[in-house]
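**Student:** Once you've had a glance at the structure underneath, I'll fire off some questions.
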Amino acid sequence: MTAWTREAIEALGPITDVPTLAAILDVHKDTVYAQIRRGEWTATRVLTLGRKIKIPTRDLIALLYAPEPAPQVSPAVPSQCQHAAYSQVTANTPHTSCGCIPAQSAVIRPLRGT
């Protein structure tokens, strides 16, 4: 049994065959062929070239070695203040969430039921 590394899979070239795919995934090749024939194989794309079935190695690498998630970047421009989201706005008092000061003409609405 060969230890399949990312470098070894990339060295296969742009495509590989089903027996090699089965060896990499450690399953029997007949299982893969049967799933392809029934249309149940969704792990990678399947290229049918006449009677030959080929698997793109790029798909296999993506399946086995998921890309690193991109780091979360905060936006350079902060989001706009959502004054309408507040049930009451107190004039000249900075909001804790955005730090802005509402305009002098802010409307103060009483809460319902009070």
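**Student:** Quickly run through region 32-58 and pick out the residues that are of a type in the set (Lys, Arg) and either touching a residue at least 24 places away in the same chain (Cβ under 8 Å) or touching a strand residue (DSSP E or B) at 6+ places or on another chain (Cβ under 6 Å) (or both).
**Tutor:** Those that are of a type in the set (Lys, Arg) and either touching a residue at least 24 places away in the same chain (Cβ under 8 Å) or touching a strand residue (DSSP E or B) at 6+ places or on another chain (Cβ under 6 Å) (or both): ARG45, LYS52, LYS54, ARG58.
**Student:** When you go through ALA43, ALA34, ALA22, ALA8 one by one, which is the residue that is assigned to a loop (DSSP other than H, G, I, E, B) and not β-branched (Val, Ile, Thr)?
**Tutor:** That would be ALA43, the only listed residue that is assigned to a loop (DSSP other than H, G, I, E, B) and not β-branched (Val, Ile, Thr).
**Student:** May I pose another question? I'm trying to understand the selection: among the residues of region 1-31, which are touching a residue at least 40 places away in the same chain (Cβ under 8 Å) and surrounded by fewer than 16 Cβ atoms within 10 Å (Cβ to Cβ)?
**Tutor:** Matches in region 1-31: ARG6, GLU10, GLY13, PRO14.
We did not get these values from a lab; they are worked out from the coordinates using the rules stated. Note that this is a predicted model, so its numbers are computed, not measured. All Cβ positions, even for glycine, are placed from backbone atoms using ideal geometry, and neighbour counts span all protein chains on display.
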